[in-house]
Amino acid sequence: MLDMGLTTQEAVAEVRPEAEASGEGVVDTLVKTGRLEASLVVMAKSTYFGVEMVNLAETRLTDEVINAVPRHVARKYNAVPVAAHDGTVVVALSDPSDIEAIDGLQVSLGKTLEYRVTSEDDLKAALDKYYGNSGGGGGRGDSEIAKMIQDITEGEVEVGALKGEVGADSEALDADAPIIRLVNQIIVDAFKLRASDIHLEPMGKRFRLRYRIDGMMTEMKDIPKRLQAPVIARLKISSGMSIAEKRIPQDGRIQTNVGGKVIDLRVNVIPCSHGESIVMRILDKSGLRLGLAELGFMADDQATFERMTSLPDGILLVTGPTGSGKTTTLYSCLNYINRPDRKIITVEDPVEYMLAGINQVQVHEHIGFTFAAALRSMLRQSPNVIMLGEIRDMETATIAINASLTGHLVFSTLHTNDAPSAVARLIDIGVKPFLVASSARCLMAQRLVRKVCKKCAAPHVLTEQEIAGLGFTPEQVASATPRKGKGCPECNKTGCKGRFGLFEIFNINDEARKLIYDKVPSNVLRNRAREMGMRTLREDGMRKVLAGVTTVDEVVRATVSEH
């Protein structure tokens, strides 16, 4: 490294006493104290030993390659295979001078070996990723899955080509205990990692497993392609679907117990080019936090929203794309106003969470029990508050608005990008503008962003790019306390843990009603709403960045610029 100019004699002399005292070695101490980058150490080893470098963090390894070196061998000799062909295995090591490890690998594998050099951190991360976390915790959460996959031999998956009726298949599959354990472990790991969805996606040569954690897709270790059919069949049987039918989409539910908690999984299967793709939505009833404060409102917005939810009649709409937390917000509203002197009825498709003291109705489209039919019937139940899962068509919208005009408080959701656009959407569905103007009390748009991890959060100085990205003023930056997560085991090294909402609240006052009645364009209504004091999603996000609860990247990802 001295010859290559990567460090100096002075730096070596400075750290030598500390290195000798700690027993770490001069190079490790140089890296630890920030005098030398770890990547430069790998470059020096590559040059000195005449071995090529490999970046394991950017290299995707297939199951065939990983299987070329058994788990116990990889762990024992700290080696990860990066390629395998014609009896030759290419392995990555962090120390090419470790003759003992090289000889041990040669004897254990009995194949021609080629070597590559990589950093110690990358090697450890790759061992955890592909062979399971040896520490028994942390990591990417797929250690048990990786172990099970290696333990399932070819002979144990003869059930792969399942044919015939459901009953016969069920018996065959239940006898296949390793597949059952593997499917159970996939669900348990997803729950432990706080995932909201499990995605099992057949590809050409892969069977991909991904978890959606805090709204972001996180790729786990692939399940071998040979296990695709039995895993899908197991899940279809568990969720009450027909495994004989592979041409049409199917829906089902699984109820399971994880760590003493009862969780529901809403399962959807859809045929794709390379097999059936499965998505499981995890519904943890015990983990549902139903306080308005937990949603992420700032104090002023929470006070405004609480006032709106306490009105005796009218319609309150929550808007946003799929997965933006609209249903959770509505449940929180109902929980807030749920008192013995009020009768509350909901119409949902599906009923995701059971709420005490509230009458919840499940829609069944296939028998004609639609949102509109349910809504018409429940008005005869004399409710004070009605919650509609979603306004989808003119009939539902008309009944909901009429209900709000006859003394009921109605909560519902719409798919629009911002709060004022909900007006245009209702009119587009076919509702008369004067009905929208007279019934709407509050329109609220929302998005979800990730929270800064409390465990590893540290003060963060906003860069010029970040300041320009959200348009902060010098005064705002001067009084701000932005924070950013460094990444720790608690947050899976992401720096973020959990999510909360950004909100855009449009209170419908007399001036807004006149604009709606006059059918002004959405952009005019939006501009007037801002002049009347509506804070946009991005402006709410800016407040939360300055308060140190989320980051600029999250707000930019979830909201659009106003300019």
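Brief remarks follow.
- Taking His72, His364, His274, His199 and ordering them by how much accessible surface each has at a 1.4 Å probe, largest first, produces His72, His274, His364, His199.
- Beta bridges from DSSP with both residues in the chain: antiparallel share about 65 percent, rounded to the nearest 5.
- Computed over the chain: relative contact order in percent, which uses C-alpha pairs under 8 Å that are six or more apart: 9 percent
- Accessible surface for Val560 stands near 110 Å², nearest 10, in the context of the full protein assembly shown (1.4 Å probe).
- Calculated FRET value between Glu365 and Asn184, using beta carbons and R₀ = 41 Å, to 0.05: 0.80
- Rounded to whole Hz, the Karplus (6.51, -1.76, 1.60) HN-Hα couplings of segment 48-64, x for glycine and proline: 5, 8, x, 10, 5, 8, 9, 9, 5, 5, 9, 9, 9, 9, 7, 4, 4
- Pairwise Cα inverse-distance average, inverted: Kirkwood Rh of segment 1-139 (Å): 16.2 Å
- Within segment 310-420, DSSP assigns beta bridges of which about 5% are antiparallel (rounded to the nearest 5).
- Long-range tail of P(r) for segment 348-488 (Cα pairs > 19 Å, %): 65 percent
- Cα gyration tensor, segment 314-375 - rounded (a/c under 1.5), prolate or oblate: oblate
- Using a simple spin-label model with pseudo-atoms 7 Å out from Cα toward Cβ, Asp121 and Ala547 lie 3.3 nm apart.
- In segment 37-77, the trypsin sites (Lys or Arg not before Pro) that fall in loop regions by DSSP, at most 11 other Cβ within 10 Å: Arg60
- Apportionment of accessible area to carbon and sulfur, segment 213-280, percent (1.4 Å): 51 percent
- 25 °C / 0.890 mPa s Stokes-Einstein diffusion coefficient of segment 405-466, Kirkwood radius on C-alpha pairs, µm²/s: 160 µm²/s
- For segment 323-381, carbon and sulfur atoms together expose 50% of the accessible surface, with a 1.4 angstrom probe and every protein chain in place.
- Accessible surface for segment 177-290, divided over its residues, is 42 Å² per residue with a 1.4 Å probe.
- Degrees between helix 522-531 axis and first principal axis of the chain (Cα, 0 to 90, nearest 10): 90 degrees
- Averaged over residues, the count of other Cβ atoms within 10 Å places the peptides 300-307, 447-454 in the sequence 447-454, 300-307, highest first.
- Residues with amide H under 5 Å from that of Ala68, placed H, sequence gap 5 or more: none
- Average accessible area per residue (Å²) across segment 456-507 - probe 1.4 Å, nucleic acids and ligands excluded: 55 Å²
- Estimated at 0.36 nm per residue, the fully extended path between Asn257 and Glu18 surpasses their Cα-Cα distance by 80.9 nm.
- At 1.567 mPa s and 4 °C, Stokes D of the chain from Kirkwood alpha-carbon radius, µm² per second: 47 µm²/s
- Tilt relative to the chain, helix 394-405 - C-alpha long axis, 0 to 90 degrees, to 10: 60 degrees
- Between the helical axis of 537-546 and the longest alpha-carbon principal axis of the chain there is an angle of about 50 degrees.
- Using the Cβ-Cβ distance between Ala38 and Arg380 with R0 = 60 Å, the FRET efficiency computed as 1/(1 + (r/R0)^6) comes to roughly 0.25.
- Here segment 7-126 carries DSSP beta bridges of which approximately 40% are antiparallel, counting only pairs with both residues inside.
- Taking all protein chains as shown and a probe of 1.4 angstrom, Ile467 keeps an accessible surface of around 50 Å².
- In this structure the amide hydrogen of Val347, modeled in the peptide plane, comes within under 5 Å of the amide hydrogens of Val361, Met387, Leu388, Gly389, none closer than 5 places in sequence on its chain.
- Residue-by-residue Karplus 3J(HN,Hα) for segment 469-486, coefficients 6.51, -1.76, 1.60, Hz, glycine and proline x: x, 10, x, 5, 8, x, 5, 5, 5, 4, 9, 8, 10, x, 9, 9, x, 7
- Farthest towards the positive end of the charge dipole of the chain, among the residues Gly487, Pro312, Val42, is the Cα of Pro312, using unit charges on the Cβ of Lys, Arg, Asp and Glu.
- Using the Karplus relation 6.51 cos²θ - 1.76 cosθ + 1.60 with θ = phi - 60°, the per-residue 3J(HN,Hα) values for segment 77-83 come to 9, 6, 9, 10, x, 10, 6 Hz, with x marking Gly and Pro.
- Built amide H within the under 5 Å cut-off of Ile508, gap 5+: Cys442, Leu443
The values are calculated or read from the model by the stated rules, or taken from the named source; none is laboratory data. Being a predicted model, the structure only gives us computed values, none of them experimental. For neighbour counting, all protein chains shown are included, and Cβ atoms are generated from backbone atoms with ideal geometry for every residue, glycine included. Just the protein is used for accessible areas: all its heavy atoms, side chains included, with ligands, DNA and RNA removed. Shrake-Rupley method; radii C 1.70, N 1.55, O 1.52, S 1.80 Å.
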